[in-house]
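Here's the structure, in structure tokens; my notes come after.
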Amino acid sequence: MTTYASFAEAVQAKADSTTLAHYVVDTVSSFAEGADVVFDFLTSDAVGSFCRSLGIRRNWAELTLDEIAPADRHGLNVVPRGEADKILGLLAALIRDGYLKPSEGGKPVQNVLNDFMSEPKTFLDAPTLGHLDEFAYALAVELEHGRERGQNVTMNHPLLTGMVVLAHLTEDTLYYARLRVMEAEGELFNMQLKRTPYADLRDQLALLQYAKSLLAARMDEKLAQASA
């Protein structure tokens, strides 16, 4: 595969999303190994170029969290399914090709994304479960590492945001199903601290119940899968 001296050079050569992703991963890996590198893929224009290469028409670097991931009917920020699916597919391809090597306790966990993939029905010899909505929620959560909260380390870059999600999923593939419950409980508690009237708590109580039901279903699915 062709290598490039800069991200701009790769874009000018009309490199595809996989090649651009390799450039990003190679640069981050070199930095982790102590090399002096330039994160030239984090400018607003560069993020926009990466988005377009992936088939995402919007430049995430120029948008807020709420613009990238509007609230769903439950009030949760969620990246649009089409965009989430493109990021999921890219991460899966990078794992398949050995460019990303997720591990836990020194052991490889190559099937860490299988819970969220719909197609193909199997990936790396294990079944896929199709929970794309959960992955879309996870991406929205990790956009908090972007421009939103004054702790900008990703510039809302789709691949870097996805890599943050991937890191948490290697701890527990139910990480975000559990987090959804925890965040709902935390918000409910904060509302109670403020002595919010019960009538105004009902929507948050409903959200908590919804999150718990999703987690319960995921846990049941996992247990059934483990005992099959």
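Residues in region 41-63 that are in a helix (DSSP H, G or I) and surrounded by 18 or more Cβ atoms within 10 Å (Cβ to Cβ): Phe41, Leu42, Ala46, Val47, Gly48, Ser49, Phe50, Cys51, Ser53, Trp60, Ala61.
When we screen Asn156, Asn152 for residues that are in contact (Cβ under 8 Å) with a residue 60 or more places away in the chain and over 18 Å from Leu113 (Cβ atoms), the only hit is Asn156. Would you point out the residue of region 7-30, among those that are of a type in the set (Asp, Glu) and assigned to a helix (DSSP H, G or I), that is farthest from the chain's Cα centre (by Cα)? Checked region 7-30; the qualifying residue farthest from the chain's Cα centre (by Cα) is Glu9. Which numbered condition in (1) at pLDDT below 95; (2) surrounded by 16 or more Cβ atoms within 10 Å (Cβ to Cβ) is the only one that Leu90 fails? Condition not satisfied by Leu90: (1).
One residue stands out in region 93-115 among those that are touching a residue at least 40 places away in the same chain (Cβ under 8 Å) and among the β-branched types (Val, Ile, Thr): the one that is surrounded by the most Cβ atoms within 10 Å (Cβ to Cβ), namely Val112.
Within region 144-153, identify whether any single residue is modelled with pLDDT of 95 or more and buried (at least 18 other Cβ atoms within 10 Å of the Cβ), and answer yes or no. So far as region 144-153 goes, no, none of its residues is modelled with pLDDT of 95 or more and buried (at least 18 other Cβ atoms within 10 Å of the Cβ). Among the residues making up region 116-131, a single one is surrounded by fewer than 19 Cβ atoms within 10 Å (Cβ to Cβ), among the aliphatic types (A, V, I, L, M) and within 17 Å of the chain's Cα centre (by Cα): Leu129. For region 176-207, a tally of residues being without any contact (Cβ under 8 Å) to a residue 24 or more places away in the chain and either under 25 Å from Asp45 (Cβ atoms) or of a type in the set (Phe, Trp, Tyr) (or both) returns 2.
The values are calculated or read from the model by the stated rules, or taken from the named source; none is laboratory data. Note that the structure is predicted; figures quoted are calculated from it, not measured. So basically every Cβ, Gly included, is an ideal-geometry build from the backbone, and we count neighbours across all protein chains shown.
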